[in-house]
Amino acid sequence: FTASNPDPEPRVVTITVTPIFTNDGAICTTDQEQVFTVTVNPEPQINNFEETICEGDTFASITPEDVTDGVVPVGTTYTWVIASSNNVEGGSESTAASATIPGSELTLVAGTTSPQDLIYTVTPLSADQCEGDPFTVTITVNPTPTMDALEDIEACNGEEVTINFTTDNTGGVTTYDWSATGDVIGLPDDTTDITDSNADITFTASNPDSEPRVVTITVTPIFTNDGVTCTTDQEQVFTITVNPEPQ
């Protein structure tokens, strides 16, 4: 027969066997019986697992959860292979069965500007050496935020100025955290976050003085995907010079 046990606990049946001998039409019996048990252990049934991290981060060791009640039988171990790396570097296959799936530091192939998935196919093995159905562990790696270079701007008093913030990042939302130091030139003072993926600041340049006014703008891009926000220490710095009008 094919052993069956869909439960999370072992199923046990007791078998009682009595031999019967037949010869020349005579049937002989005995009160001597053989009794033994058949125990069918369950196989682990594990949920698929998904996690999103930033490029260069280490995903935590994963303790999978059972499909039914979230509790994996004690003693369950796992082996895994890389089903797909998709521009993700740093993943490794298991060399031996382990009680958890070790995390690792993951980076993206140079030039990758959108989220990429590393997918493991994992095979669980119960303490009783029963192999469960494979499940997947998908680690999504968000790219490091980037933005296009900005050139210095020179404007006249009263001129409308537009500053465009753009990025090559796709697959999420890029925001831009910016700050200004220097003279007052009419920049909005109530906006420090630009929240569009292709955003801009528009203002009317102001300089009532007889000498140029100069401000330095520092911009940091921020990338968000799947509820995970990734930052960078790479900033864009440029200046805005507002020249006075002839008086």
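Just a few scattered comments:
- Gained length - D7 relative to Q32, 0.36 nm times residue gap less alpha-carbon distance: 5.6 nm
- Of [x] 37; [y] 59; [z] 43, the label for percent of Cα pairs over 28 Å apart derived from the coordinates: [y]
- Taken over the Cα atoms of the stretch 82-228, the convex hull encloses 128 Å³ per residue.
- At a Cβ-Cβ separation cutoff of 4.7 angstrom, cysteine residues of the chain with no neighbouring cysteine are C28, C130, C156.
- At R0 = 51 Å, FRET efficiency that the Cβ-Cβ distance of E160 and N86 yields, to 0.05: 0.70
- Size check on the stretch 13-68: the Cα extents along the three principal axes, sorted descending, read 83, 19, 18 Å.
- Kirkwood's formula applied to the C-alpha pairs of the stretch 39-140 gives a hydrodynamic radius of 14.2 angstrom.
- Projected label distance in nm at D152 and T202, using a 7 Å step from Cα toward the beta-carbon: 2.7 nm
- Once the Cβ-Cβ distance of Q129 and E51 is raised to the sixth power relative to R0 = 22 Å, the FRET efficiency obtained is 0.15.
- Computed with a 1.4 Å probe over protein heavy atoms only, the accessible area of S92 comes to about 60 Å².
- Accessible carbon and sulfur surface of the chain relative to its total accessible area, %, 1.4 Å: 46 percent
- Contact order for the stretch 19-109, expressed relative to its length and based on alpha carbon pairs under 8 Å spaced 6+ residues apart, stands at 26 percent.
- Within the listed set T162, T144, T175, the residue fluctuating most in the Gaussian network model of the chain (springs between alpha-carbon atoms under 10 angstrom) is T162.
- For the chain, built as a Gaussian network whose Cα springs stay under 10 Å, the top-fluctuating residue of I139, I15, I27: I27
- Across N23, N86, N47, mean-square fluctuation computed from a Gaussian network of the chain (C-alpha pairs under 10 Å connected) peaks at N23.
The values are calculated or read from the model by the stated rules, or taken from the named source; none is laboratory data. The model shown is predicted, which means the values in this text are computed figures rather than measured ones. Positions of Cβ are backbone-derived with ideal geometry, glycine not excepted, and every protein chain shown enters the neighbour counts. The accessibility values were calculated without ligands, DNA or RNA, using every heavy atom of the protein model including side chains. Shrake-Rupley method; radii C 1.70, N 1.55, O 1.52, S 1.80 Å.
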